1. Tell me which residues, restricted to the stretch 158-192, are closer than 14 Å to Ala253 by Cβ, buried (at least 16 other Cβ atoms within 10 Å of the Cβ) and out of contact with any strand residue (DSSP E or B) (no Cβ under 9 Å at 6 or more places or on another chain).
2. Considering only the stretch 32-46, how many residues are in contact (Cβ under 8 Å) with a residue 12 or more places away in the chain, of a type outside the set (Ser, Thr, Tyr) and more than 14 Å from Gln273 (Cα to Cα)?
3. From the list Gly62, Gly20, Gly57, pick out the single residue that is modelled with pLDDT of 95 or more, within 16 Å of the chain's Cα centre (by Cα), part of a helix (DSSP H, G or I) and within 15 Å of Ser124 (Cα to Cα).
4. Just a yes or no: is a residue in the stretch 83-91 on the phi < 0 side of the Ramachandran plot, part of a strand (DSSP E or B) and in contact with a Phe, Trp or Tyr (Cβ under 8 Å, 6 or more places away or on another chain)?
5. Please report, ordered by residue number, the strands (runs of 3 or more DSSP E) entirely within the stretch 99-157 with at least 1 residues that are modelled with pLDDT under 95 and open to solvent by 30 Å² or more (accessible area, probe 1.4 Å).
6. Pro58 fails exactly one of the following numbered conditions: (1) more than 19 Å from Ala139 (Cβ to Cβ); (2) open to solvent by 10 Å² or more (accessible area, probe 1.4 Å); (3) of a type outside the set (Lys, Arg). What is the number of that condition?
7. Going by the structure shown, is Val277 surrounded by 17 or more Cβ atoms within 10 Å (Cβ to Cβ), touching a helix residue (DSSP H, G or I) at 6+ places or on another chain (Cβ under 8 Å) and of a type in the set (Val, Ile, Thr)?
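The values are calculated or read from the model by the stated rules, or taken from the named source; none is laboratory data. Everything numeric here is computed off the predicted structure, so don't read it as measured data. Positions of Cβ are backbone-derived with ideal geometry, glycine not excepted, and every protein chain shown enters the neighbour counts. These area figures cover heavy atoms from the full protein model, side chains too; ligands, DNA and RNA do not enter into them. Shrake-Rupley method; radii C 1.70, N 1.55, O 1.52, S 1.80 Å.
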Amino acid sequence: MDIDKYRQESLQTWESMATGWEARHLFLERNMGLLNDWIIDKTAPESGQVVVDVGAGPGDLGHRMASLVGSQGRVISTDHASEMVEVARRLGAARGLTNVEYRQLDAEAMDLDDDTVDAVVGRSVYMLLADPAAALREARRVLRPGGSVAFTAFTTPDRNPWAAVPGATLVQRGHLAPPQPGAPGVFALGDPEQVRDLVPAAGFSDVTIEQIDFVFHYDDEDDAWRAVVDLNGPLAVIIDQLASDEGESTRRAVLDGFEPFRDDDGSYPVPAQALAVYAR
């Protein structure tokens, strides 16, 4: 895989996703709230501390932590996509937050001084990075002694049909190549043993890894489809480029894949599972 090409395409993808993530930020907060809860519980932010939120997207994790570190503390809300940074900035302003700094930063090479923050957090971002090991080394570098990192990453496709069904559908219809082993992607850090090796290699110890089961709850088939095209990064970019007839056929195939999870009321509680990782 051409790493530099991947980084550029990833940046372009997430710049283009910012509008959808802003429109769907309440959906994300509801459906991924358990992941935020776990990260906050483990890092236990206190008044006066400094927290870095890596790959913050619309910023909801960092915004919650901002209320805990108080006026004497600070959250640095970061993303490599400038449009995502602006989304987080707008949503933070709407919440009246004044102790959040919004910065476009590369998680693999953060423009932050050594030993200056108390916690680095990242909800479902490290698996998408070209070099998660470098990003974790950066987290270790900027942390003060005793500081902690906490992040989540989705496990395996069979445990995450919310992402596996659309991805497999695009592969089956010839619009997406099968994922390469070891390449970045939504399931790239799904093996707990891989994570258990990766995190200590970056200089951390006392590693805790847990599994969190939750659901993405879609109100109806339109809500399910909008979540795919508004939120699902590279898949959404591909779908947007399909001709209208093929786009509609793909939509129907994805929804047929979600059919086993459809409730009698027409909603779709589609299972999800993430690894949750904490280390010092």
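1. If the condition is that a residue be closer than 14 Å to Ala253 by Cβ, buried (at least 16 other Cβ atoms within 10 Å of the Cβ) and out of contact with any strand residue (DSSP E or B) (no Cβ under 9 Å at 6 or more places or on another chain), then Ala164, Pro166, Gly167, Ala168, Thr169, Leu170, Leu176 are the ones that fit.
2. Summing the residues that are in contact (Cβ under 8 Å) with a residue 12 or more places away in the chain, of a type outside the set (Ser, Thr, Tyr) and more than 14 Å from Gln273 (Cα to Cα) in the stretch 32-46 gives 5.
3. Residue meeting the stated conditions: Gly62.
4. Going residue by residue through the stretch 83-91, those that are on the phi < 0 side of the Ramachandran plot are 83-91.
Then keep just the ones that are part of a strand (DSSP E or B); that gives none.
Looking for residues that are on the phi < 0 side of the Ramachandran plot, part of a strand (DSSP E or B) and in contact with a Phe, Trp or Tyr (Cβ under 8 Å, 6 or more places away or on another chain), one finds none in the stretch 83-91, hence no.
5. On the way: elements: 100-104, 117-123, 143-154.
By residue number, no strands (runs of 3 or more DSSP E) qualify.
6. (2)
7. Criteria met by Val277.
A quick yes/no check of all residues on (1) within 27 Å of Pro45 (Cα to Cα); (2) of a type in the set (Phe, Trp, Tyr); (3) open to solvent by less than 30 Å² (accessible area, probe 1.4 Å):
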{"residue": "Gln194", "(1), (2), (3)": "no, no, no"}
{"residue": "Ala202", "(1), (2), (3)": "yes, no, yes"}
{"residue": "Ser205", "(1), (2), (3)": "yes, no, no"}
{"residue": "Glu248", "(1), (2), (3)": "no, no, no"}
{"residue": "Asp256", "(1), (2), (3)": "no, no, no"}
{"residue": "Pro260", "(1), (2), (3)": "no, no, no"}
{"residue": "Ser267", "(1), (2), (3)": "no, no, yes"}
